[in-house]
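The values are calculated or read from the model by the stated rules, or taken from the named source; none is laboratory data. These numbers come from a predicted model, not from an experiment. For neighbour counting, all protein chains shown are included, and Cβ atoms are generated from backbone atoms with ideal geometry for every residue, glycine included. Side chains included, ligands, DNA and RNA excluded: accessible areas come from the protein's heavy atoms. Shrake-Rupley method; radii C 1.70, N 1.55, O 1.52, S 1.80 Å.
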Amino acid sequence: MKKHSLAEFFKSKSFYVLLGVGALAIIAITVVSLNQPSGKGGGQNLADLNEPNKNVADGGSLGATDIPDNTTPSDTAKNETGSSTDGKQEAKVTPTEPGGTGKDLEGSEVTDDPNLKNAEADKANQTAAADKGKKEETAKASDETKQVLNPDTLYFDTEKGLSWPINGDVLLNYSPDRVIYFKTLEQFRCNPAVVIQAKEGAEVTNAATGIITSITKEDETGVTVKVNIGSGYSLVYGQLEENKDLKVGDVVEKGAVLGKVAKPTMYYSVEGSNLYFMVEKDSETVDPTSLLKK
């Protein structure tokens, strides 16, 4: 009886209606499933067109992958490192504030403050002007000294005497009237000067203010400088190195360096390096030790 009822049901219209509804339900379920996003975080990839870009709205910079279509990664790297077209890194200055100072890549301080630059320029100009003024004053003083000191106005005070031109022992004494023995020459002869022991290269100072009257080179005394100190007195310095800074007519103050002791000439090779020092008064020699003061 039941088998007969089921057979009749399958043959009826109700069966086909239910079968169509079921097919439509299956199709609807399939369509809905296909439209669902895959993955747990799938909804996170959907962009809301009504929501503004957070990076732009917040003033943020483009991300690592947000590179414009017309910019290559190599161009981006160049822009970030600040490279110049020749491949060398440019020196960038980051001032502490507008118009302030900063440091370049080498650590040197630089400034873009025009006021500071002008102040530095003014300071340099003032320094240069001061140096120029000092030189002009020195030259003027020297010219005035030359005008005051001349052979007619020079005066030598015998009470004040002479300063020692160099420190050393006397190798050969002043002896104009009797002969003394010269070791190098192996003979006895008179000596119109004093020969003072000195190391080669030692400085020789002027014993009294005067004017240079001659600079010669002699066989016996080598480079020889003569200074007129006034009142008929002259000083003669021998065994000197050549000094190109000195010339005839120069005013030399007391204590000024005239030159250095040279290698001894062949007349004094045994005695060794020395200063030949002679004093003249009205063309006659005078004992230098009588005028030399401690």
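Overview of values
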item: Single condition Gln239 does not satisfy, out of (1) in contact with a strand residue (DSSP E or B) (Cβ under 6 Å, 6 or more places away or on another chain); (2) in a strand (DSSP E or B); (3) open to solvent by 10 Å² or more (accessible area, probe 1.4 Å); (4) not aromatic (Phe, Trp, Tyr); result: (3)
item: Residues located in region 156-198, provided they are under 21 Å from Ser231 (Cβ atoms), assigned to a loop (DSSP other than H, G, I, E, B) and open to solvent by less than 100 Å² (accessible area, probe 1.4 Å); result: Phe156, Asp157, Thr158, Gly161, Trp164, Pro165, Tyr174, Pro192, Ala193
item: Qualifying positions in region 199-224 - assigned to a strand (DSSP E or B) and more than 16 Å from Lys263 (Cα to Cα); result: Thr205, Gly210, Ile211, Ile212, Thr213, Ser214, Ile215, Thr216
item: Any pair with Cβ under 8 angstrom, 6 or more apart, that starts in region 153-180 at a residue that is free of Cβ contacts under 8 Å to residues at least 40 places away in the same chain and ends at one that is part of a strand (DSSP E or B) and basic (Lys, Arg); result: Val179/Arg189; Ile180/Arg189
item: Qualifying positions in region 238-256 - among the aliphatic types (A, V, I, L, M) and in contact (Cβ under 8 Å) with a residue 40 or more places away in the chain; result: Val251, Val252, Ala256
item: Counted residues, region 199-234 - those being touching an Asp or Glu at 6+ places or on another chain (Cβ under 6 Å) and open to solvent by less than 10 Å² (accessible area, probe 1.4 Å); result: 1
